[in-house]
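Right, one structure below, let's go through it.
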Amino acid sequence: MNPLDPEKTINECIAFLQQTFAKTKKEIAVIGLSGGVDSSIVFVLTLRALGVDHVVPMLLPYGGLGTQGILDTMELLTSVSFPITRIVRIDIKKAVDALVIDPSIDNVRRGNMMTRVRMIYLFDQAKKRNGLVVGTENKTEHLLGYYTRFGDNASDVEPIIHLYKTEVIALAKHLGVPQSIIAKKPSADLWPGQTDEAELGASYEQIDRILNCFEQGTTSSEDIGKLTGIDTVIVARILHVVSQNIYKQHTPYKFSY
């Protein structure tokens, strides 16, 4: 992976956001904040690009789940002196629970419902303000297919989708995102104790090195293992995730005529 130039990357992201909002003739950015590093840097970048009067952060907890994320988000907002009155907070628990009609539902299915309900609220608030939903998907999640279709990958504009997760973390440090957000284990907070790395079976540092090799055209687990020094069992697991979810990048499949 090429070394990240933080200032250059920040300026490029800001310019991209400014150009996109100018092109679409929209002035308001709506962003779902989870207390994670991805949404945090997207918020800071958008704030720099558009200014405080043009950014609407949304907190969308599911009851008491993700309480730490709310606290971390409030620390972020306080660190940039963002006015509390401009924050929109909606508890999605009632809406999600009303949708659950199958008593056998598992954590993954419920988590998918949660992310899709959040996106309903984000787009509704954007419509109310004639704005755009700014997404928080990074390159690692995209390549892995580690997202819910029409949920956390749904947006109008994606300013960090070209950055690996480890690059996002490096950029967060440069942007002054609170250490409490940078240091904690990445999690979508879709069920108690859930973390990304435990679910994926590898650290993001390992995953990004594997994906970078894969993007460069090395597709063999053995070859990637030799290049990176990462156990081939881990490499194979990550490549399997990529293969298993590749369909997400092609849906919906369209009839050709």
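The values are calculated or read from the model by the stated rules, or taken from the named source; none is laboratory data. Fair warning: this is a prediction, and the values are worked out from it, not measured in the lab. For neighbour counting, all protein chains shown are included, and Cβ atoms are generated from backbone atoms with ideal geometry for every residue, glycine included. Accessible surface is based on the protein model in full, side chains and every heavy atom, while ligands, DNA and RNA are left aside. Shrake-Rupley method; radii C 1.70, N 1.55, O 1.52, S 1.80 Å.
Taken over the range 100-111, the criterion of being in a helix (DSSP H, G or I) and either closer than 25 Å to Leu71 by Cα or hydrophobic (A, V, I, L, M, F, W, C) (or both) is satisfied by Asn107, Val108, Arg110, Gly111.
Take the residues of the range 124-138 that are assigned to a helix (DSSP H, G or I) and touching a residue at least 60 places away in the same chain (Cβ under 8 Å): which is surrounded by the most Cβ atoms within 10 Å (Cβ to Cβ)?
Once the filter is applied, the top-ranked residue is Ala126.
Quick one: which of Thr219, Thr251, Thr166 is closer than 30 Å to Ala29 by Cβ and either in contact with a Cys (Cβ under 7 Å, 6 or more places away or on another chain) or modelled with pLDDT under 95 (or both)? So the residue among Thr219, Thr251, Thr166 that is closer than 30 Å to Ala29 by Cβ and either in contact with a Cys (Cβ under 7 Å, 6 or more places away or on another chain) or modelled with pLDDT under 95 (or both) is Thr251. With respect to the conditions (1) at pLDDT 95 or above; (2) open to solvent by less than 30 Å² (accessible area, probe 1.4 Å); (3) assigned to a helix (DSSP H, G or I), Asp97 lacks only one, and its number is (2).
With respect to Leu65, is the statement that it is out of contact with any His (no Cβ under 7 Å at 6 or more places or on another chain) and modelled with pLDDT of 95 or more true? It is false that Leu65 is out of contact with any His (no Cβ under 7 Å at 6 or more places or on another chain) and modelled with pLDDT of 95 or more. For the structure I just gave you, tell me whether Thr78 is hydroxyl-bearing (Ser, Thr, Tyr) and open to solvent by less than 60 Å² (accessible area, probe 1.4 Å). Answer is no for this residue.
Here's a check for you: in the range 29-61, which residue that is part of a loop (DSSP other than H, G, I, E, B) and closer than 28 Å to Pro186 by Cβ is most open to solvent (accessible area, probe 1.4 Å)? Step through it out loud before you land on a result.
Looking only at the range 29-61, we keep the residues that are part of a loop (DSSP other than H, G, I, E, B), and these are 34-36, 51, 60-61.
Next, from what is left, pick out any that are closer than 28 Å to Pro186 by Cβ: 34-36, 60-61.
Working: Ser34: 67, Gly35: 1, Gly36: 19, Leu60: 14, Pro61: 6 Å².
Result: Ser34.
Screening the range 1-45 for residues that are at pLDDT below 95 and in contact with a Gly (Cβ under 6 Å, 6 or more places away or on another chain) and picking the one that is farthest from Ser180 (Cα to Cα) gives Ser34. Within the range 1-26, the set of residues being open to solvent by less than 90 Å² (accessible area, probe 1.4 Å) and not in a helix (DSSP H, G or I) comprises Leu4, Asp5, Lys26. A count restricted to the range 41-55 and to residues that are under 14 Å from Glu167 (Cβ atoms) and touching a helix residue (DSSP H, G or I) at 6+ places or on another chain (Cβ under 7 Å) stands at 2. With respect to the conditions (1) open to solvent by less than 40 Å² (accessible area, probe 1.4 Å); (2) closer than 17 Å to Val30 by Cβ; (3) among the hydroxyl-bearing types (Ser, Thr, Tyr), Thr85 falls short on a single one, namely (1). Residues in the range 100-119 that are crowded, with 17+ Cβ neighbours inside 10 Å and not hydroxyl-bearing (Ser, Thr, Tyr): Arg110, Gly111, Asn112, Met113, Met114, Arg116, Val117, Arg118, Met119. With a requirement of 2 or more residues that are open to solvent by 40 Å² or more (accessible area, probe 1.4 Å) and more than 24 Å from Ser34 (Cα to Cα), the helices (runs of 4 or more DSSP H) lying completely within the range 150-253 that satisfy it span 204-215, 221-228, 232-245.
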